[in-house]
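Notes follow the structure.
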Amino acid sequence: MRRFIVRVLLIVSGLAWAVCGTAAPQRTDHVVAELVAERSAVQAGQPLQIGLSVAHQPGWHTYWRNPGDSGLATSLSWQLPMGSQVSAFDWPVPLRIPVGPLVSFGYEGELLLPLTFMPPATAKPGDSLTLRARASWLVCKDVCIPESADLELSLPVVGLDTTPGSTAASPAFASNLAAQPAPLQGWTVELKHAERDAVLLINKAGSPPSGDKLPAIQVFPYAEQLLDPARHEVYRTPQGYAVKLGLVEQATVPGELRGILVSRQQPVSDLSVWGTPSASVEFVAKVTAVSQLPALAEADHLPDVQWGTTGELSAPRNLATLSLWAALGLALVGGMALNLMPCVFPVLSIKLLGLARHPENHALTTHAAAYGAGVILSFLALAAGLLALRHAGSAVGWGFQLQEPGMVFGLAVLFFMLGLNLLGAFELGSLAPRFLVEWRDERPAVDAFACGVLAVAAASPCTAPFMGAALGFALTQKWFVSLGVFGALGVGMALPYVVLTLLPGWRQRLPRPGLWMVRLKQALAFPMFVTVVWLLWVLGQQTGMDATAKALLALVGVAWVVWMMAAPSGWGTGHWLRKLLLAALFAGVVSWSWPMGLAIVEASNDKEEAPIINQWQAFDEAAVADHLAQGDTVFIDFTAAWCVTCQVNKRLVLESAETTKDFAQAKVVLMRADWTDRNPQITAALARLGRNGVPVYVLLRSGKEPVLLPELLTGQRVREALQGL
């Protein structure tokens, strides 16, 4: 029994040690912070690696020891056990983060800021040391918010003959140690400056590597407010590198400059540029004032790597400065343009045909107001749902409902029934109960409101010109600003129809109602059926051909049920029972064919004989980063099967022989980001470009801002963008 109790105590102690070295994390609206340790216990007088772990919300960042143009470095204020000490942070390599015309140095995603803890020599085994610290940081996205948290870390003390175990944070400490800047070996570094211009010369002793073996690098100085972070151009020289920099106005120039040099190109170990496999090195440069700086040839310019270690896109600077009034104006114009999209135009044509039938309608103001209310409230409801899902952590964007196969199938059934109605297969009065029909006839505004809701449902897969920037702006703002932009989008979409409703002149020029209206109504059924075909194609992309076949059978069943409901019967007063049975059959057919989940549909590529440069590759951030590091130009098509504009641009422009030839001549790497199904990585990439819907077309080249092309593409516009690079 005694041995059993001892074993239980040892197991419990081991479990306790396993959870030691960490403490309860503190969560704010933008980060999760906690103190962590590399080992589960500490030994008297022996150093231990501890650190501040920071997990950023997507899009937010904190700052390096030198924050760059703006910002504030993260700091810790300690309360330590008597006789113990901690070092300063061993700062990891930062990222260059462009914010408008400025550049900051900081961190995104998961971050560990390590330091060394030296416990007191008098600590005894069995004791527990509690470290307390107040962490302070500045976290920024579109706005900057100072935050702080009180953190605590408890570490048990063990004897020198006991080896402490690892913790959940041990791998992060090992990775951080491997990525720490190494000493620069075999190179000399000198900073020459003339007035506010400066050049950092990095020369290899002996025989420097050939120019094509030199990767792009980045310079991060330790000194704040000395060098302008936004001025950063890297050139090859016969001896190594030259980096054009700029001095901050009225800066006091020291006798030496310290910092780190970073190569983002991998694998660095194959290049052995620094004399060490590390991707970053620490340098000390002698600073010299000169009358004239050395000339540098533009041909030797090396592109800057803007994607950083995580391969993340950054938005063009002009998007970062979009004002609220500009966003509202773009949303208004974009909403008006939505009426011309192929997914919306058939619905509006039906309503305009209805107005032409009743040129003397005296309730037009009410009709227009009801339609406008249906459109605007539907946009606000979509925006509220979108914001709620994003707040809950879902990576969704504009058109998110079309990423659900059930919604796609439901819309296909709805548009199919509308087409049957336009062909005269049934009238609403033959399907709905009489009291409901009478109630609707007495309230024509309800029909107008419902038409507004239907128009928004049809418009939701589309992104019209000017909409992209407005939606991207809206979803980075407070909720009330976001709803305001979506409301402006609704006003823009409703405005043309409302104006046509309230202006009677165009109706007076139409021929008198007659057979031509019947024929026109029937003709409008066919755009509805085309919409159904498109929706079923989208469903096939999401769930496979089996689900599409079931959906087609369901449409046949729907047509039969509708025909039976509308056909005369001899049931007399008991006809309601017949309609009830047919309604149950309708529900059964639809539920049987309802798509329950997403199938894995793998795309095949049968063009292996074509050169890879002309093939569309699947979007991959790491691959984009590699291509940019090699100096390639990358074109990314953010698309979705349910986006009609995307498919039109794809067939008429992107896959045309002329545009394909232009891409090949420019040696552009082509990538397609398919957003048909929900994809958090693509959603995040869109957000970093300041967009939240598709289509989005972007040209990328290292050292230059992303070039966003318009939503409605032409071959000429693509050629101009390629020439501009």
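The values are calculated or read from the model by the stated rules, or taken from the named source; none is laboratory data. Bear in mind that the values here come from a model prediction, so they are computed numbers and not experimental data. FYI the Cβ positions are ideal-geometry reconstructions off the backbone, even for glycines, and counts take in every protein chain you see. For accessibility, only protein heavy atoms count, side chains too; no ligands or nucleic acids. Shrake-Rupley method; radii C 1.70, N 1.55, O 1.52, S 1.80 Å.
Residues in segment 161-173 include at least one that is open to solvent by less than 40 Å² (accessible area, probe 1.4 Å), within 31 Å of the chain's Cα centre (by Cα) and over 24 Å from E282 (Cα atoms).
A search for C-beta distances below 9 Å between a residue of segment 239-258 that is within 17 Å of S70 (Cα to Cα) and any residue that is aliphatic (A, V, I, L, M) and in a strand (DSSP E or B), counting only pairs 6+ apart in sequence or on different chains, returns G246/A198; G246/L227; L247/A198; L247/L227; V248/L227; A251/L227. Within segment 186-204, identify whether any single residue is open to solvent by less than 60 Å² (accessible area, probe 1.4 Å), within 38 Å of the chain's Cα centre (by Cα), at pLDDT below 90 and not charged (D, E, K, R), and answer yes or no. No.
Conditions (1) open to solvent by less than 10 Å² (accessible area, probe 1.4 Å); (2) at pLDDT 85 or above; (3) part of a loop (DSSP other than H, G, I, E, B), marked per residue:
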| site | (1), (2), (3) |
| --- | --- |
| A242 | yes, yes, no |
| G246 | yes, yes, no |
| V253 | no, yes, yes |
| Q266 | no, no, yes |
| S269 | no, no, no |
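Of all the residues that make up segment 212-231, how many are open to solvent by 20 Å² or more (accessible area, probe 1.4 Å) and under 23 Å from S104 (Cβ atoms)? Break it down into steps so the answer makes sense when it comes.
Step one: list which residues in segment 212-231 are open to solvent by 20 Å² or more (accessible area, probe 1.4 Å), which gives 212-213, 222-225, 228, 230-231.
So of that shortlist, the ones also under 23 Å from S104 (Cβ atoms) come out as 222-225, 228, 230-231.
Of the residues in segment 212-231, 7 are open to solvent by 20 Å² or more (accessible area, probe 1.4 Å) and under 23 Å from S104 (Cβ atoms).
Answer yes or no as to whether L191 is touching a strand residue (DSSP E or B) at 6+ places or on another chain (Cβ under 8 Å), over 22 Å from L35 (Cβ atoms), of a type in the set (A, V, I, L, M, F, W, C) and outside any strand (DSSP E or B). Considered against the rule, which asks whether it is touching a strand residue (DSSP E or B) at 6+ places or on another chain (Cβ under 8 Å), over 22 Å from L35 (Cβ atoms), of a type in the set (A, V, I, L, M, F, W, C) and outside any strand (DSSP E or B), L191 comes out as no.
Every test in (1) under 25 Å from T62 (Cα atoms); (2) without any contact (Cβ under 8 Å) to a residue 12 or more places away in the chain is passed by D161 save one, and that test is (1). Segment 63-150 holds strands (runs of 3 or more DSSP E) entirely within its bounds, and those carrying 1 or more residues that are within 22 Å of the chain's Cα centre (by Cα) map to 95-99, 102-107, 110-118, 128-140. For segment 131-143, does any single residue satisfy the condition of being closer than 30 Å to L227 by Cα, open to solvent by 50 Å² or more (accessible area, probe 1.4 Å) and not β-branched (V, I, T)? Yes, segment 131-143 contains a residue that is closer than 30 Å to L227 by Cα, open to solvent by 50 Å² or more (accessible area, probe 1.4 Å) and not β-branched (V, I, T). Among the residues of segment 351-386, the ones that are surrounded by fewer than 21 Cβ atoms within 10 Å (Cβ to Cβ) and modelled with pLDDT under 75 come to 14 in all.
Scanning segment 55-92 for residues that are crowded, with 21+ Cβ neighbours inside 10 Å and β-branched (V, I, T), we see that the one that is nearest to L115 (Cα to Cα) is T74. Among the residues making up segment 526-539, those that are in contact with a Ser or Thr (Cβ under 9 Å, 6 or more places away or on another chain) and either open to solvent by 10 Å² or more (accessible area, probe 1.4 Å) or within 11 Å of F416 (Cα to Cα) (or both) are P527, L536, W537. Among the helices (runs of 4 or more DSSP H) confined to segment 397-490, the ones with at least 1 residues that are among the polar types (S, T, N, Q), modelled with pLDDT of 65 or more and crowded, with 18+ Cβ neighbours inside 10 Å are located at 405-423. Out of segment 93-114, which residues are surrounded by fewer than 16 Cβ atoms within 10 Å (Cβ to Cβ) and under 20 Å from A33 (Cβ atoms)? Across segment 93-114, the qualifying residue is only E110. For segment 57-75, a tally of residues being of a type in the set (S, T, N, Q) and within 12 Å of V99 (Cβ to Cβ) returns 1. Within segment 26-42, the residues that satisfy the criterion of being modelled with pLDDT of 85 or more and open to solvent by 40 Å² or more (accessible area, probe 1.4 Å) are Q26, R27, E34, E38, R39. If we scan segment 507-522, do we find a residue that is more than 25 Å from T365 (Cβ to Cβ), surrounded by 13 or more Cβ atoms within 10 Å (Cβ to Cβ), β-branched (V, I, T) and at pLDDT below 80? The answer is no; no qualifying residue exists. Please tell me if L153 is at pLDDT 90 or above and surrounded by 12 or more Cβ atoms within 10 Å (Cβ to Cβ). Against the criterion (at pLDDT 90 or above and surrounded by 12 or more Cβ atoms within 10 Å (Cβ to Cβ)), L153 qualifies.
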